[in-house]
Amino acid sequence: MSTNHYQDILDFHNKFGVPLAPTHTLLEGEALEYRLNFLQEELDELRKAHDEGNLDDAVDALIDLEVVLLGTAQFMGISPEAYEEHWEEVHIANMAKERCTDPSQSKRGTALDIRKPAGWEAPNHTPIIEKYVK
């Protein structure tokens with residue numbers, strides 16, 4: 001059993017000959033709409049599972065969301081190595097955030113949220129993109 005989800009989805013795409021961009025690119029037209037609608041479909045399934053109290057379907061929807069998300073990254077030509085570097089860039093920025101202690105601190109109105117403190121720096125993906133786009 002694989003623990004590399006990105007590679008699993010790449011294997012899936014390769015099995016079916018799904019056309020993937022050769023390097024980082026934005027999606028357009030039909031491909032963009034297809035991927036966005038696919039992501040929304042899985043989000044809707046997650047909401048439905050919760051509304052119905054169905055844990056099995058909720059877990060399935062979460063996994064399907066990851067499958068579609070990683071597949072979208074692959075449609076955009078983001079290689080496994082580049083994806084890991086982008087992930088690390090986001091993770092570093094996320095770890096510099098802080099927990100809301102009051103709903104008023106959250107742009108989403110909940111103390112469950114995490115916020116960007118003063119001086120927080122957003123991830124910089126440009127050097128990674130430049131490394132892989134030739």
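For region 80-134, what D do you get in µm² per second when you plug the Kirkwood radius from alpha-carbon pairs into Stokes-Einstein at 4 °C and 1.567 mPa s? The diffusion coefficient I find is 102 µm²/s.
Apply 1/(1 + (r/R0)^6) to the Cβ-Cβ distance of residue 112 and residue 60, taking R0 = 30 Å, and write down the FRET efficiency to the nearest 0.05. Calculated value: 0.80. When both region 1-15 and region 86-134 are represented by their alpha-carbon centers, they are found 27 Å apart. Charge tally around residue 115: other residues with Cβ under 10 Å, Lys/Arg +1 each, Asp/Glu -1 each, net +3. Considering all C-alpha pairs of region 1-78, those separated by over 18 Å amount to 47%.
Across region 77-92, the residues whose backbone nitrogen lies under 11 Å from the label position 7 Å along the beta-carbon direction of residue 132 are 77-88.
At 222 nm, what value in deg cm²/dmol follows for the chain if DSSP H runs of at least 4 each add -39500 (n - 2.57) and the sum is divided by all its residues, to the nearest 500? Before the final figure, lay out the partial values.
Values: 5 runs with 79 residues, N = 134.
Helix-only estimate at 222 nm: -19500 deg cm²/dmol.
For the chain, dividing the convex hull volume of the Cα atoms by the residue count gives 160 Å³ per residue. Summing charges over neighbours of residue 132, with a neighbour being any other residue whose Cβ is under 15 Å away from its Cβ, gives -4 when K and R count +1 and D and E count -1. Model label points for residue 52 and residue 36, set 7 angstrom from Cα along the Cα-to-Cβ axis, are 2.8 nm apart.
Just so you know, all these numbers are worked out from the coordinates, no wet-lab data involved. Small disclaimer: the values here were computed from a predicted structure and weren't measured. Here the Cβ is made from the backbone with ideal geometry for all residues, glycine too, and neighbour counts use every protein chain on show.
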